[in-house]
Amino acid sequence: MSDFTATRALFDLPEGVVYLNGNSLGPLPRGCAERAQKVMQDEWGKDLIRAWNTAGWISLPRRVGDAIAGLIGAPEGSVATGDTLSIKVFQALAAALRMRPDRRVILSDSGNFPTDLYIAQGLMGLLDRGYELRTPAPEDVTDAITDEVAAVLLTQVDYRTGRMHDIAEVTRRAHAADAVMIWDLAHSAGAVPLHIGQSGAEFAVGCTYKYLNGGPGAPAFLYARPDIVKHVDPALAGWMGHEAPFAMDLTYRPHMSTERFRVGTPPVIQLAALEQALRVWDGVDMEALRAASITLSERFIAGVKKHCPALTLVSPRDPLVRGSQVSFAFAHGYAAMQALIARGVIGDFRAPDIMRFGFAPLYLTRDDIDRAVEILADVMARELWRDPQYQTRAAVT
Ligand SMILES: *Cc1c(COP(=O)(O)O)cnc(C)c1O
């Protein structure tokens, strides 16, 4: 664990807070605010439009893509950045369906994050060709991969329970049925070691504001397997994905690399903040990070089990099939989470009754875990959640 003392110093966490929600919005790394300010004041402010060249704005998406590639086990040049994850899901799925024009089934699972399923439903309506979306239970999904399936669209780590799919095995099964494999790495990137290149999956997508700490609304990413990228349709034919955007051709001609999945003008300020945030990962060994995350989450589970009998673990007990988060069900989970947050321990709540806690060893220590358990035990033992002030739901839960 001592390896991470250095990374802890790279974050600006408020005094007295134990932050167990980096799985939803990572905290602010040091240097990001200064970087954003520099982009605005020096680059935008003084160089104006020249900054696209003078400050290297035009190459930012590619630089950030390469930094992300390193974290997901993908080769340089295989990751495009920009837009939001929902858009990247749309593009990957649309591309995948065109790769299997004779098939009509999209396979996901009932543990997937709603937006992934909504995007699939919207795309099916748009195409209007009789597509069917199947969402079996996560544990049944591998056996549901039949030769009717065009694309398998799965999120590796379940946002509610932390249950984790085996990327290598599921991808192997998808390919055995000649289906296209798309992985959503929203709760994986920066949380668990990834070998996307080795897996052979055609596509992977993810966001950067969770464990990658890029800040609210930070751009998403899309990986496309290098050997297929020249032949896949990026679905959204924007000028930034054109082979030569500034040739101003009247006809779309996609870029010969993953850059074809870019759409419009990149969000420069967010990308610059993200580029700075990704420096935190320099020298971080993902296997060591994973080991530390398991140590922290096991400590938390043991403490909660001992001191909070009213909470039921809904995450897998086996850390090897669990991502970097732990969830407990409790009928008054929303109010209990509000009471906990009011006492400086920040986790979150997911409907209908789940109290969710994320573990990011970059900035969390065992002492933080012990303190979180102690405060949670107090909230539960004294039923502090009964206080009326914790009952009203805010717009964001
Ligand atoms: C967080 C998350 C999203 C969010 O998508 P946005 O477009 O960034 O809002 C999508 N899918 C999964 C699986 C997620 O966990």
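Any read-out appearing in this document is the output of simple, stated calculations on the displayed coordinates, not a laboratory observation. Computed from a predicted structure; not experimentally measured. Glycine gets a Cβ as well: all are built from the backbone with ideal geometry, and neighbour counts include every protein chain shown.
Shape of the stretch 32-281 from its Cα gyration tensor (a ≥ b ≥ c, root eigenvalues): rounded if a/c is under 1.5, otherwise prolate when a/b > b/c, or oblate? Please report the intermediate quantities before stating the final value.
On the way: a/c = 2.15, a/b = 1.52, b/c = 1.41.
In terms of gyration-tensor shape, prolate.
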Once phi is turned into θ = phi - 60°, what whole-Hz ³J(HN,Hα) does the Karplus curve with 6.51, -1.76 and 1.60 give for every residue of the stretch 83-99, x standing for Gly and Pro?
6, 10, 4, 4, 5, 5, 4, 4, 5, 5, 5, 4, 5, 4, 5, 5, 6
Candidates Ala272, Ala288, Ala150; GNM for the chain (alpha-carbon contacts under 10 Å) flags as most fluctuating Ala288
With x for Gly and Pro, the residue-by-residue ³J(HN,Hα) of the stretch 180-186, computed from phi through the Karplus equation 6.51 cos²θ - 1.76 cosθ + 1.60 at θ = phi - 60° and given in whole Hz, is 8, 9, 10, 9, 9, 9, 3
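Beta carbons within 10 angstrom, averaged per residue: use that to sort the peptides 21-29, 309-317, 183-191, 108-116, highest first. Show your work: numbers first, answer last.
Values: 21-29: 22.3, 309-317: 15.2, 183-191: 26.8, 108-116: 18.6.
Output ranking for 21-29, 309-317, 183-191, 108-116: 183-191, 21-29, 108-116, 309-317.
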For Asp353, which sequence-distant residues (separation of 5 or more, or a different chain) have an amide H within less than 5 Å of its own amide H, given hydrogens modelled in the peptide plane?
none
Given H placed on each backbone N at 1.01 Å, which residues far from Val205 in sequence or on other chains put an amide H within less than 5 Å of it?
Trp183, Asp184, Leu185, Tyr223
Along the stretch 365-376, what does the Karplus equation 6.51 cos²θ - 1.76 cosθ + 1.60 (θ = phi - 60°) give for ³J(HN,Hα), rounded to whole Hz, x for Gly and Pro?
10, 4, 4, 4, 5, 4, 5, 4, 4, 4, 6, 4
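Taking a threshold of 27 Å on the Cα-Cα distance, which of the pairs Lys38/Lys230; Lys38/Lys210; Lys46/Lys210 fall above it? It would help to have the intermediate numbers written out before the result.
Working: Lys38/Lys230 37 Å; Lys38/Lys210 24 Å; Lys46/Lys210 32 Å.
Listed pairs above 27 Å: Lys38/Lys230; Lys46/Lys210.
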By per-residue mean of other Cβ atoms within 10 Å, what is the highest-first order of 74-85, 4-15, 212-223?
212-223, 74-85, 4-15
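Which peptide among 124-134, 168-178 comes first, and what is the full order, when sorted by highest mean count of other Cβ atoms within 10 Å? Spell out each step's value before the answer.
On the way: 124-134: 12.4, 168-178: 16.1.
The packing order, highest mean first, is 168-178, 124-134.
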Could you state the number of Å between the C-alpha centres of the stretch 355-369 and the stretch 96-163?
32
